[in-house]
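Chemist: Once you've had a glance at the structure underneath, I'll fire off some questions.
The values are calculated or read from the model by the stated rules, or taken from the named source; none is laboratory data. Just so it is clear, the model here is predicted, and its values are computed rather than measured. Virtual Cβ from ideal backbone geometry, glycine too; neighbours counted across all protein chains shown. Accessible surface areas use protein heavy atoms only, side chains included; no ligands, DNA or RNA. Shrake-Rupley method; radii C 1.70, N 1.55, O 1.52, S 1.80 Å.
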Amino acid sequence: MRTPHAAGTAPSSDTEGTMESHPTPGSGSGGPASGGHSVRTRSQHQRRKRIVQAAAALASRGGVEAMQMRTVAERAGVALGTLYRYFPSKMDLVVAVVGEEIDLLESSIERRPPGASTPAGRAVDVLMRATRGLMREPELADALIRSLILAEVETPFGDRMTGLLLRVSADGLSREQATEEQVALAGSLSSIWVQELLEMLRGRRTYDQIQRRIEIAAARLLTDIA
């Protein structure tokens, strides 16, 4: 999960602070059939992505403390008010950075699916791939994991990791299709991985130790998941 960094600070413009209200259907002179809505939506998506990339770049160097909202806005080239319209709090911004990380992991899995023959083996492949990606930028990994544990807002991290483990270990099973037991098993493995990752970030585990412990847990939890 390699975090994309913002290429640099784009110059802020007056329009950044005045054109951020979300468009309503049919707004604009062209009406619903015009391309104005799609253009605005695409522009908003790009601006949001730029903000998330700027926040990730700052966190990778100085942790969550470096993700000061004003600094993020300056690096992303948007007005501070614009930033708050997209992300009302720093934690909302942290959650968005986590979502970006999971997007990158899922894209990697789609391009190169795990090749192990067992559910446990495929799950271990995914979790260790995620570990390698995060540990390329340990400051960012530490900031994200610690912030999520203390989060006061709902985060997608656990649910998305559980869903990903279900898909790779149970032949494409979705979270909606899975039984309560299957969700619990995949979720438990995801939680174990997060705790092991924290231990690694604290210097109490090596990569090889984490892999061995995840292999043991996966073998016990996922043997009959499919």
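Chemist: What percentage of the solvent-accessible surface of segment 43-176, computed with a 1.4 Å probe over protein heavy atoms, is contributed by carbon and sulfur atoms?
Modeler: 48
Chemist: Roughly how many nanometres apart are two label points built 7 Å out from the Cα toward the Cβ at Tyr84 and Ala66?
Modeler: In this crude label model, Tyr84 to Ala66 measures out at 2.5 nm.
Chemist: Continuing with the same structure: Which length gain, in nm to one decimal place, applies between Ala184 and Ala226 when the Cα-Cα distance is subtracted from 0.36 nm times their residue separation?
Modeler: 13.8 nm
Chemist: Probe radius 1.4 Å, ligands and nucleic acids left out: which of Ile216, Ile210 has the largest accessible area, and how do the rest follow?
Modeler: I get Ile216, Ile210, largest accessible area first.
Chemist: Placing +1 at every Lys and Arg Cβ and -1 at every Asp and Glu Cβ, with all other atoms neutral, what dipole size does segment 75-226 have around its Cα centre, in debye to the nearest 20?
Modeler: Charge dipole of segment 75-226: 480 debye, to the nearest 20.
Chemist: Out of every Cα pair in segment 75-226, what percent are spaced more than 19 Å from each other?
Modeler: That fraction is 55 percent.
Chemist: Mind checking the full-extension length gain between Ser43 and Asp208? Use 0.36 nm per residue of separation minus the Cα-Cα distance, one decimal, nm.
Modeler: Stretched out fully, the Ser43 to Asp208 stretch lengthens by 55.0 nm.
Chemist: Based on Cβ point charges of +1 for Lys and Arg and -1 for Asp and Glu, what charge dipole magnitude is obtained for segment 181-226 about its Cα centre, in debye rounded to the nearest 20?
Modeler: Here the size comes out at about 240 debye.
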